[in-house]
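Where a number appears in this text, it was derived from the coordinates with a stated rule and is not lab data. Everything numeric here is computed off the predicted structure, so don't read it as measured data. FYI the Cβ positions are ideal-geometry reconstructions off the backbone, even for glycines, and counts take in every protein chain you see.
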Amino acid sequence: MLKKLEQDMMQALKNKEKEKAGALRLIISKCKNKAIEVRKELSDQEIIKVLQTVAKQHKESIKLYKEGKRDDLVEAEMRELGFVEVYLPSMMSEEDLRSLVLSVIADVGASGMADFGKVMPNVMKQGSGKIDGNSAQAIVKELLS
């Protein structure tokens, strides 16, 4: 997957797409830093985790920029987020996530908010890479209330 990112960055440079090339360069840099940190080459799954972290950072930035009424920065962050999301696996739909949460609640025998700590880790584990933690958290809270 890292090779694909590098090839796409080179293509973006050739096509004079500076913004895309810059976003991909940042992702590649983060992947290489993570590889140095763990002292081995990253698997595709580990690269996806790095991509998810980058996407999460962009989403948080978008939220903060919207609160600060900085529409110019919101647009730039949204474009960069779009470059990242191309490489992420497709996310689970809300209906699928809701049914996953319901099955986990049934499996662990959860009955109220006191069981949130039992449900949430199982939901994240079963939907690894395909669910947004904030969405999952909201649905778990809603169903346990």
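Checking each residue in segment 44-65 for being surrounded by 16 or more Cβ atoms within 10 Å (Cβ to Cβ), free of Cβ contacts under 8 Å to residues at least 40 places away in the same chain and aliphatic (A, V, I, L, M) picks out Val50, Leu51, Val54, Ala55, Ile62. Residues in segment 81-101 that are touching a helix residue (DSSP H, G or I) at 6+ places or on another chain (Cβ under 7 Å), closer than 21 Å to Asp8 by Cβ and part of a helix (DSSP H, G or I): Leu81, Phe83, Val84, Glu85. If only residues of segment 66-83 that are surrounded by 13 or more Cβ atoms within 10 Å (Cβ to Cβ) and more than 19 Å from the chain's Cα centre (by Cα) are counted, the one that is nearest to Phe116 (Cα to Cα) is Lys66. Per the listing Lys4, Lys40, Lys20, Lys34, the residue uniquely of a type in the set (D, E, K, R) and in a loop (DSSP other than H, G, I, E, B) is Lys40.
Taking the listed residues Val123, Val140, Val86, Val101, the one that is among the aliphatic types (A, V, I, L, M), closer than 24 Å to Ala55 by Cα and surrounded by fewer than 14 Cβ atoms within 10 Å (Cβ to Cβ) is Val86, with no other qualifying. Taken over segment 117-145, the criterion of being under 15 Å from the mean Cα position of the chain (by Cα) and farther than 19 Å from Lys59 by Cβ is satisfied by Lys125 alone.
Among the residues here, Lys20 qualifies as of a type in the set (Lys, Arg), crowded, with 17+ Cβ neighbours inside 10 Å, under 17 Å from Leu88 (Cβ atoms) and touching a helix residue (DSSP H, G or I) at 6+ places or on another chain (Cβ under 9 Å). Taking segment 23-43 as the range and being surrounded by fewer than 17 Cβ atoms within 10 Å (Cβ to Cβ) and among the small types (Gly, Ala, Ser) as the test, the residues that pass are Ser29, Ala35, Ser43. In the set (1) more than 20 Å from the chain's Cα centre (by Cα); (2) among the aliphatic types (A, V, I, L, M); (3) not in a helix (DSSP H, G or I), Ala114 fails one condition alone, (3).
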